[in-house]
Amino acid sequence: MGQTDAGMKNEMFREEEMDDDDESPSERQIVVGICAMTKKSKSKPMTQILERLCKFDYIDVVIFPEEVILEEPVEKWPLCDCLISFHSKGFPLDKAVEYAKLRNPLLINDLNMQYFIQDRREVYRILQEEGIDLPRYAVLNRDPDNPEECNLVEGEDQVEVNGEVFHKPFVEKPVCAEDHNVYIYYPTSAGGGSQRLFRKIGSRSSVYSPESSVRKTGSYIYEEFMPTDGTDVKVYTVGPDYAHAEARKSPALDGKVERDSEGKEIRYPVMLTAMEKLVARKVCLAFKQTVCGFDLLRANGHSFVCDVNGFSFVKNSMKYYDDCAKVLGNMVMRELAPQLHIPWSIPMEAEDIPIVPTTSGTMMELRCVIAIIRHGDRTPKQKMKMEVRHPLFFELFEKYGGYKTGKLKLKKPKQLQEVLDIARLLLVELGQHTDCEIEEKKSKLEQLKTVLEMYGHFSGINRKVQLTYLRNGKPKASSEEEDSKKDGPSLLLVLKWGGELTPAGRVQAEELGRAFRCMYPGGQAGNRRSLGCDSPIDFGDYAGFPGCGLLRLHSTYRHDLKIYASDEGRVQMTAAAFAKGLLALEGELTPILVQMVKSANMNGLLDSDSDSLTDCQQKVKARLHEIMQKDQDFTEEDYQKLAPTGSPSLVNSMKVIENPVKTCDKVYALIQSLTSQIRKRLEDPKSADLQLYHSETLELMLQRWSKLERDFRMKNGRYDISKIPDIYDCIKYDLQHNASLDLEDTRELFRLSRALADIVIPQEYGINRAEKLDIAQAYCVPLMKKIQLDLQRTHEDEAVNKLHPLYSRGVMSPGRHVRTRLYFTSESHVHSLLSIFRYGGLLNEEKDQQWKQAMDYLSAVTELNYMTQIVIMLYEDNNKDPSSEERFHVELHFSPGVKGCEDEETIPLGFGFRPASSENEDKKPNQGSLEDLSQDEPDQALQISDPINIQRRSPMIRNRKTGSMEVLSETSPTHSTKGCTSHRLFISCSRQSPEIKPASGLGFEGCSMVPSIYPLETLHNSLSLKQVDEFLNSVCESNSEVQAKTMKALSGLFASQSQISLYSPQQPLSSSGSEASLRPPSQPLWHGSIPSSAVSSAGPSSPITESSGLNFSFSE
């Protein structure tokens, strides 16, 4: 290469310049020269990346001024050891080549190859030689002097070029790569004409033209048009092992450039498949361009390269800027440090294998993370039922195939519009002549119309209509219905609305995703961080040790991630927001949703049709209603009936209630008082047009409560117990989000409805063990089977997108990867899954002390709130025999989700994340409450290489005066005490993250607060995979009748629903520098499952109990 000579030569030039400075050779800086047009060298991405590059201790950057490049001879150009130079319009590539010959610097992007990149014919030739898939194409070369002499035969719907026939649609590209006037010709069957693409001008990137015949002058490439889904994938490599990809709307789609609120083109995050990673590697090496952009078309399950652009950076992605600077810096140091005698150790890649300490003190490799998560904070769910018999409804039912299954779900705007049209029509008819046939439900028709007209537009996420065929009309279920006048078939129309994810819910999900990232090895990034420093630049990957750790899992394709969500809008948006936090994505949620979240409604995995309750559930509900309708204090017998499992949370709620009917009377009176207060407010002109949270109005709030007031107390004076969850839902929402209204007695209503709900909600999923299990299985068998597969597959070598071992030089253990499966769902699935773990016989409480504590903790949890998580982690111990039971180790963790409005006093005691294993009985810490403030002490710094003796601490000082908002102050690391620290899993979600400005968590749309989320608690941490596998088997099989029924019901239920998307995004996990390593220590990180050497003790920490032989040591 002549690299060493270059180094020496440069050293000599340098010596002449710096005679005065007696700089010793060892302190010599590596100079990186940027030689490009000003527009490029001063662009925002370039500036951002160079700023980061300069953080490498030994690297200096010199930007060549444009006038020097254009006017001075190359001998007068600045000196450099490494040159980043690339062609753009007006750039003298010849001079750059001459300079490189003269000075022989290390070239980041080869210069001679840049001549080829300017000619599309050469680009295609090189791609073809490398065996990279590209569209079928032919080249038409025209001699400018004889444009007639060319091998082009044009037909109406095809062209023939050099004997190759291309049917429309085909693409015509100028051979010069700088010419962006690419035309696409459409077939006459589709209307003919052509789409003319050009360089973006404002908000347009193409325009349709009626012209159908091809251009007659100039040379072109003709190629087949690839049917993508309307997005183009842009890939940006930084060296052969790193590629960032994003999709944008294809300019051919409608030519309108989608821009976000800041005017930037909207781009979607994309996961490359293993084959695409390989293509990126080949393109980068074939064109000898370290930094290289190219375009991929994904069509027919295949990826084709259609354009190579040479040097280009991603715009507006902090994460990419970090990654790019890191790869380039390491590359320069690796090549040049040795010959310039710069002391720089090549970062070892040992951190690639995700090895973490488990509780038993051994180091194991993390193989799989499975989490089942409830959706975030939502608006209250509302529904209305009515029986309809009008022929128009039956026609609609038939039109959308309702008779196949006897059920129909309408969510699409067009369908909802048809329902609205029918409602309007019937109301008009009713207004003109009172036909008693429609009369009985005028009020319901009006409500149907009002709800469908809300928001002024339809969005499937807001509303849905379900129609169910009733052969003999509706049985009289409750006094709410008048006596049915007619026999004969009818349809039950159920209208559901509300239940959308709120902005607070989005923040919760995104924060949780961000915290989740830290469960993975290297989640903390700077693992040689000096202790206790607090400037974000002083520590992390750029200080003294610019490690590659962050890039590895993320970009070498060893994190296999799939995100599933049920088909409810709020669940899907939660999943998208979580993905955004987890993978450090930027921008809107919709694109993330489209690309990353798979609908899991194809097999009942995460959806449950609440209308098809099992017989067992019907019976349970009936018993529950019977017990709750007694106008007397609960007797000993009632306690036996309602709380046979003796769960403290139930018993406490029953004590609060005493007499269920009297409590319902109170609740009813409080609701009446609430509605009258809202009515008074409405009469007051000052507050009539008051904006409530999430653009609700007082009118809508009143409708919400009046409906509950009407429905809760039935005509016969008894209470409809099934409305209790809705009442609790509404008051919880208003207390948190509309507290500014200062309505009287809302706290009391909250307290009482909460006590009622704490009985009704969990018990609807079964009262005694057998019922709980029975109902849980009806919901969860498909999900349990899937979890079982997830755990098994990890240690079978299945063909997941892994690195191609051939190409993985420099990556240790290419076969290894961490599998992450996230399932987002609703309350019913979380309750059921927890019931299965609790009552399915996983472990024996009598024999297993840790499990007994876990069960006691779970039975004290009153509510599985928004963002409840059940997390299963699988580790592999590489020192154990592959066939041994001890080879795979499973941990089970749980968090009850978001903190409620008044949770402070009632928090059940947990045992921290990954607490001591059961043999440590004698050393158990005292059972203070989770938030025992008396134990608050500053986080202490650690003595180097002392074993850590972990004690429970709450590292937050909480100011209780602020209601649901938490004012948090991180305790400061003041003194160092030997061997004592505490680790916090996550801190309040209302803390800002690096990108979120401090205000964001606090006031959304004016008034709401974002409550924090409980840290994960470990339920058990020494299960073997065999135990778990056998348990899942027995649970899935023990109830084969239910299962057959479930499967049958599910296949019927979901046959009609949309299929899962075939595109399976698989994403290396971001352990990105932008957040993990550059985060100031006060950020909520998730410590616990990483070697503690990766944790700065100045950071926040989580309660972990003392654990057997957890000897981590710090290495400076």
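The values are calculated or read from the model by the stated rules, or taken from the named source; none is laboratory data. Nothing here was measured: the structure is a model prediction, and the numbers come from that model. Cβ sites come from the backbone with ideal geometry, for glycine too, and all protein chains shown count toward neighbours. Note: areas computed on protein heavy atoms with side chains; ligands, DNA, RNA excluded. Shrake-Rupley method; radii C 1.70, N 1.55, O 1.52, S 1.80 Å.
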**Request:** Mind listing whichever residues of the stretch 427-479 are open to solvent by less than 80 Å² (accessible area, probe 1.4 Å), of a type in the set (Lys, Arg) and at pLDDT below 70?
**Result:** Lys474
**Request:** Filter the stretch 620-644 for residues that are open to solvent by less than 20 Å² (accessible area, probe 1.4 Å) and not in a helix (DSSP H, G or I) and give the result.
**Result:** Ala643
**Complete:** Flagged pairs (Cβ under 6 angstrom, 6 or more apart or on separate chains; first in the stretch 301-323, open to solvent by less than 30 Å² (accessible area, probe 1.4 Å); second of a type in the set (Ser, Thr, Tyr)) are Val314/Tyr236; Val314/Tyr320; Lys319/Ser1072; Lys319/Ser1074; Asp322/Ser1074
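Taking into account only those residues within the stretch 132-143 that are more than 35 Å from the chain's Cα centre (by Cα) and open to solvent by 40 Å² or more (accessible area, probe 1.4 Å), which is nearest to Glu276 (Cα to Cα)? Explain how you work it out, then say what you get.
Keep residues of the stretch 132-143 that are more than 35 Å from the chain's Cα centre (by Cα), which gives 136-143.
From what's left, open to solvent by 40 Å² or more (accessible area, probe 1.4 Å): 136-137, 141, 143.
Numbers: Arg136: 19, Tyr137: 21, Asn141: 31, Asp143: 37 Å.
Checked the stretch 132-143; the qualifying residue nearest to Glu276 (Cα to Cα) is Arg136.
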**Item:** Residue in the stretch 277-290 that is touching a strand residue (DSSP E or B) at 6+ places or on another chain (Cβ under 9 Å), open to solvent by 10 Å² or more (accessible area, probe 1.4 Å) and at pLDDT below 80 present
**Value:** no
**Request:** Name the strands (runs of 3 or more DSSP E) wholly inside the stretch 129-219 in which the number of residues that are of a type outside the set (Lys, Arg) and more than 27 Å from Val283 (Cα to Cα) is 1 or more.
**Result:** 152-154, 158-161, 164-167, 182-185, 194-201, 204-209
**Asked** For the stretch 699-717, does any single residue satisfy the condition of being in a loop (DSSP other than H, G, I, E, B) and open to solvent by less than 50 Å² (accessible area, probe 1.4 Å)?
**Response** yes
**Asked** With respect to Arg125, is the statement that it is open to solvent by 80 Å² or more (accessible area, probe 1.4 Å), closer than 30 Å to Gly301 by Cβ and basic (Lys, Arg) true?
**Response** yes
**Asked** Quick one: how many residues across the stretch 759-811 are modelled with pLDDT of 70 or more, in a loop (DSSP other than H, G, I, E, B) and in contact with a strand residue (DSSP E or B) (Cβ under 7 Å, 6 or more places away or on another chain)?
**Response** 0
**Request:** Considering only the stretch 493-540, state which residues are in contact with a strand residue (DSSP E or B) (Cβ under 8 Å, 6 or more places away or on another chain), modelled with pLDDT of 50 or more and either open to solvent by 30 Å² or more (accessible area, probe 1.4 Å) or β-branched (Val, Ile, Thr) (or both).
**Result:** Val494, Lys496, Thr502, Val507
**Complete:** So, first residue in a loop (DSSP other than H, G, I, E, B) in the stretch 645-659, second residue exposed (fewer than 14 other Cβ atoms within 10 Å of the Cβ) and acidic (Asp, Glu), Cβ within less than 8 Å, six or more apart or across chains; the pairs are Glu658/Asp633; Asn659/Asp631; Asn659/Asp633
**Prompt:** List, please: which pairs have Cβ atoms under 9 Å, are six or more places apart or on different chains, and start with a residue in the stretch 79-98 that is over 19 Å from Met331 (Cα atoms) and end with one that is surrounded by fewer than 16 Cβ atoms within 10 Å (Cβ to Cβ) and hydroxyl-bearing (Ser, Thr, Tyr)?
**Reply:** His87/Tyr115; Leu93/Tyr115; Val97/Tyr115
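Per-residue answers, yes or no, for (1) closer than 25 Å to Asp774 by Cα; (2) open to solvent by less than 10 Å² (accessible area, probe 1.4 Å); (3) at pLDDT below 90; (4) not small (Gly, Ala, Ser):
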{"site": "Ser826", "(1), (2), (3), (4)": "yes, no, no, no"}
{"site": "Ile836", "(1), (2), (3), (4)": "yes, yes, no, yes"}
{"site": "Gly840", "(1), (2), (3), (4)": "yes, no, no, no"}
{"site": "Val861", "(1), (2), (3), (4)": "yes, no, no, yes"}
{"site": "Asn878", "(1), (2), (3), (4)": "no, no, yes, yes"}
{"site": "Ser884", "(1), (2), (3), (4)": "no, no, yes, no"}
{"site": "Ser895", "(1), (2), (3), (4)": "yes, yes, no, no"}
{"site": "Cys901", "(1), (2), (3), (4)": "no, no, yes, yes"}
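Condition test on Ile126, is it outside any loop (DSSP other than H, G, I, E, B), touching a strand residue (DSSP E or B) at 6+ places or on another chain (Cβ under 7 Å) and either closer than 20 Å to Val308 by Cβ or at pLDDT 95 or above (or both)? Spell out how you get there, then give the answer.
Details: outside any loop (DSSP other than H, G, I, E, B): yes; touching a strand residue (DSSP E or B) at 6+ places or on another chain (Cβ under 7 Å): no; either closer than 20 Å to Val308 by Cβ or at pLDDT 95 or above (or both): yes.
Considered against the rule, which asks whether it is outside any loop (DSSP other than H, G, I, E, B), touching a strand residue (DSSP E or B) at 6+ places or on another chain (Cβ under 7 Å) and either closer than 20 Å to Val308 by Cβ or at pLDDT 95 or above (or both), Ile126 comes out as no.
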**Request:** Could you please find all residues in the stretch 254-268 being free of Cβ contacts under 8 Å to residues at least 60 places away in the same chain and among the aliphatic types (A, V, I, L, M)?
**Result:** Val257
